[in-house]
Amino acid sequence: MIVDGLVHLGTSHFGYELDAITALAGMNAVGTDVAIAVPVHPKGADFVPVNDAVAAAARASQGRLVTLARVDPWNGPAAVAELRRAVGNGARGLFLHPGEEHFRINDDRVRPLAEAAAELGVPVVVAAGFHLYSEPLQLGRAAQFAPGNPFVLTNGGQLNISGLMGFDAELALANDNVLVQTSGMYREDFLEGVVATFGPERLMFATAAPQMDMSYERKRVELAHFTDAERALILGGNAQRVFGLPA
Amino acid sequence: MIFDMHMHIENSTALGWQMSAEDCIRAMDEAGVERAAVMTLTDLPGLNPAGLELIAEACANHPGRLYGFLRLNPALLETSKELLTRAVQELGFRGLKLHPVSTLQHPGGAATIELVRHAGELGVPTLFHCGDEPLSTPLSVAQTAAACPDATIVLGHMGGYFHVDEAIDVAERHGNVVLETSAMPYPDKIRAAVVRIGADRVVFGSDGPVSSPALERQKVVIAGLGHEAADLVLGGNADRMLGLAA
């Protein structure tokens with residue numbers, strides 16, 4: 001089973017959009033069976049309707065879209081309550097976007113959400129690499145809020161075109177509960193190094209569509225130098241385990 | 001003939017990154033890339049005093065495959081000008097590489113401008129690291145482009161993750177700017193660049209061998225440029241810019 005570890009559904013306040021029909025068509029085109037779908041940052045910043053909209057899209061997708069709840073930590077206890085409600089409504093994890101919601105991932109405001117996710121038995125996925133908000137070492141600290149719970153970082157845990165943020169991303173990976181996604185990570189040696197150093201169970205295929213290209217992101221994994229067993233974990237096995245997907 | 005405009009050779013103990021000429025050739029062969037521009041990871045003079053010889057030897061060992069770009073620090077201006085002159089006129093180097101993040105030299109600074117003008121006078125382009133970090137954004141490098149209208153300036157990575165639209169804007173305003181496609185993850189932006197500035201000012205690069213030339217080539221394929229434009233981006237433009245025979 002091929003699982004795309006992250007697609008964004010809806011019309012974003014920040015100008016990008018992807019609807020479920022287009023997402024499924026894209027998945028069909030590249031041979032993806034299931035995608036982990038998260039809501040975009042909505043116009044108006046109320047996450048309840050967008051969590052419900054993505055949940056509805058998932059219910060209509062015959063199992064091909066699996067949702068995560070997106071909340072804004074600045075909403076305090078209401079964010080925790082929304083996480084609980086969304087998980088009760090079928091969400092398989094918590095998605096946090098420090099860059100778009102403008103919070104620091106290792107701020108204490110995030111701790112109750114991380115702890116609630118762990119209590120609910122669902123992983124946390126974080127949009128990684130945003131300067132000031134989700135730098136790799138900040139992500140590494142935040143992973144320690146709930147050290148037994150999977151903490152998944154997009155883009156190899158970084159967004160840096162010099163490769164210089166890779167050192168800090170490797171330090172973040174020293175936390176055993178941290179996984180990184182492949183989306184947008186241009187250094188093939190970094191992706192291969194994650195597998196060699198930390199194990200193939202720590203790397204997860206994701207496209208981050210529509211911000212990144214489904215076809216190209218799939219090639220990123222296909223062309224890297226992994227064994228068949230490693231590639232099977234990266235392309236689907238790890239997501240099945242982390243998000244509790246049926247085999 | 002596919003030409004990769006951006007590859008690296010160096011054993012950098014400081015960074016722990018090891019990239020040899022043989023690594024480049026292996027990655028090029030895997031990708032079906034015939035020729036590539038190669039440069040060091042760190043700057044000379046100063047941090048990397050043997051950088052010129054390293055690249056010259058790699059090119060000499062792989063004639064017709066590897067072409068040298070000399071990575072220099074404009075802060076040491078006179079020495080850098082002398083090194084570039086020797087590299088181009090005596091050793092056949094084809095370009096200048098500047099990484100303002102590692103040299104701490106603003107692209108609009110007097111030393112950088114003088115060195116880039118010197119490269120233009122020698123008839124070779126200047127490839128800038130151009131991404132999201134201070135000193136390297138497209139608007140920073142636009143200062144050089146405006147001050148050196150007779151020099152060809154290549155924006156490596158065409159703006160990185162967050163500055164790609166800005167890189168296309170800069171190229172639209174400055175006719176001496178060329179966009180290089182490596183590392184940034186957006187095939188559709190290659191197509192947008194070709195539409196807005198023309199296929200003759202976009203060049204394929206990989207930032208290999210540690211990023212994959214095979215994957216980076218697929219980015220151009222997925223961009224869906226059409227045969228004529230794709231041929232220019234993948235090699236025709238490099239042939240023209242670097243004065244290479246087909």
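Run the numbers on region B:107-246 and let me know its relative contact order in percent, using alpha-carbon pairs under 8 Å that are six or more apart.
Values: 255 pairs, mean separation 25.5, N = 140.
Relative contact order here is 18 percent.
Taking the Cα atoms of region A:125-168, report the difference between the largest and smallest coordinate on each principal axis, in whole Å and largest first.
32, 17, 14
Can you sort B:LEU76, A:LEU235, A:LEU171 by solvent-accessible area, 1.4 Å probe, largest first? Don't jump to the answer; show the numbers that get you there.
Working: B:LEU76 80, A:LEU235 10, A:LEU171 100 Å².
Sorted descending by solvent-accessible area, the residues read A:LEU171, B:LEU76, A:LEU235.
Ranked from the most accessible area to the least, with a 1.4 Å probe and all protein chains present, what is the order of A:LEU164, B:LEU242? Please report the intermediate quantities before stating the final value.
Values: A:LEU164 80, B:LEU242 15 Å².
Result, largest first: A:LEU164, B:LEU242.
How compact and how long is region A:12-67, expressed as Rg and Dmax of its alpha-carbon atoms in Å?
Radius of gyration, then largest Cα-Cα span, for region A:12-67: 11.5, 35 Å.
Volume per residue, Å³, of the convex hull around the alpha-carbon atoms of chain A?
So the per-residue Cα hull volume is 106 Å³.
For region A:3-243, give me the percentage of DSSP beta bridges that are antiparallel, rounded to the nearest 5 percent.
10
At 1.4 Å probe size, with no ligands or nucleic acids counted, give the accessible surface of B:TYR67 in Å², nearest ten.
Counting only protein heavy atoms, the figure is 30 Å².
Could you list which residues have their amide H under 5 Å from that of A:ALA35, counting only those 5 or more apart in sequence or on another chain, with H placed in the peptide plane?
Hits under the 5 Å cutoff: A:ASP4, A:LEU65, A:VAL66.
Which of the listed residues, B:ALA199, B:LEU234, B:ASN11, is farthest toward the dipole's positive end in chain B, when Lys, Arg count +1 and Asp, Glu count -1 at the beta-carbon?
B:ALA199
Just tell me how shielded B:215-227 is by partners: mean number of partner chain Cβ atoms within 10 Å of each residue's Cβ, no decimals.
Average per residue, whole number: 3.
Tell me, what is a quarter of the convex hull surface for the C-alpha atoms of region B:72-242, in nm² with one decimal?
Answer in nm², one decimal: 8.8.
To the nearest 10 square angstrom, what accessible area does B:HIS174 show with a 1.4 Å probe?
Its heavy atoms expose roughly 40 Å² to the probe.
Which value, in debye to the nearest 20, describes the size of the charge dipole of chain B about its Cα centre when Lys and Arg Cβ atoms bear +1, Asp and Glu Cβ atoms bear -1, and nothing else is charged?
Using only the charged Cβ atoms, the result is roughly 240 debye.
Normalised by the empirical 2.2 N^0.38 Å for globular proteins, what value does the Cα Rg of region A:85-186 take?
1.00
Mind listing the Cα extents of region A:72-119 along all three principal axes, in Å, largest one first?
Each principal axis gives a Cα extent; for region A:72-119 these are 27, 18, 16 Å.
What is the antiparallel percent of DSSP beta bridges lying wholly in the protein assembly as shown, to the nearest 5?
10
When averaged across all projection directions, what area in nm² does the alpha-carbon convex hull of region A:1-120 cover?
7.2
Given a cut-off of under 8 Å on Cα pairs at least six residues apart, what relative contact order in percent is computed for chain B?
It comes to 18 percent, rounded to a whole number.
Enumerate the calculated ³J(HN,Hα) couplings along region A:15-30 in order (Karplus 6.51 cos²θ - 1.76 cosθ + 1.60, θ = phi - 60°), each rounded to whole Hz, writing x wherever the residue is Gly or Pro.
With the stated coefficients, region A:15-30 comes to x, 10, 8, 7, 9, 5, 5, 5, 4, 5, 5, x, 4, 4, 5, 10 Hz.
How many times 2.2 N^0.38 Å is the alpha carbon radius of gyration of the protein assembly as shown?
Ratio of Rg to 2.2 N^0.38 Å for the protein assembly as shown: 0.99.
Need one value: the accessible area of B:GLU22 in square angstrom, 1.4 angstrom probe, rounded to the nearest 10.
Counting only protein heavy atoms, the figure is 90 Å².
With contacts defined as alpha carbon pairs under 8 Å and 6 or more residues apart, what's the relative contact order of region A:135-199 in percent?
Relative CO of region A:135-199 lands at 39 percent.
What does the net charge come to around B:VAL202 if you take all other residues with beta carbon closer than 15 Å to its beta carbon, with K and R at +1 and D and E at -1? Let's see the in-between values first.
On the way: positive: B:LYS189, B:ARG191, B:ARG196, B:ARG201, B:ARG217, B:LYS219, B:ARG240; negative: B:ASP4, B:ASP165, B:ASP169, B:GLU172, B:GLU180, B:ASP188, B:ASP200, B:GLU216, B:GLU228, B:ASP231, B:ASP239.
Around B:VAL202, the charge tally is -4.
Just the ratio, please: alpha-carbon radius of gyration of region B:68-134 over 2.2 N^0.38 Å, N its number of residues.
Relative to the rule-of-thumb radius for its length, region B:68-134 sits at 1.02.
In peptide A:156-165, what is the residue-averaged number of other protein chain Cβ atoms found within 10 Å of each Cβ?
Partner Cβ neighbours, averaged per residue: 6.
Rank these by accessible area, largest first, 1.4 Å probe: A:LEU83, B:LEU225.
Working: A:LEU83 0, B:LEU225 30 Å².
Greatest to least solvent exposure: B:LEU225, A:LEU83.
Rounded to the nearest 5, what % of the DSSP beta bridges within chain B are antiparallel ones?
Bridges in chain B that DSSP calls antiparallel: roughly 10 percent.
Work out the mean other chain Cβ neighbour count within 10 Å for the residues of A:211-217 and drop it here as an integer.
Other-chain Cβ atoms within 10 Å of each residue's Cβ, averaged: 5.
Over the alpha-carbon set of region B:1-142, work out the extent along each principal axis and list the three values in angstrom, largest first.
Its Cα atoms span 40, 33, 30 Å along the three principal axes.
The values are calculated or read from the model by the stated rules, or taken from the named source; none is laboratory data. Please read these numbers as outputs of a predicted model, since none were measured by experiment. FYI the Cβ positions are ideal-geometry reconstructions off the backbone, even for glycines, and counts take in every protein chain you see. What goes into the accessible areas is simple: the full protein's heavy atoms, side chains included, and nothing from ligands, DNA or RNA. Shrake-Rupley method; radii C 1.70, N 1.55, O 1.52, S 1.80 Å.
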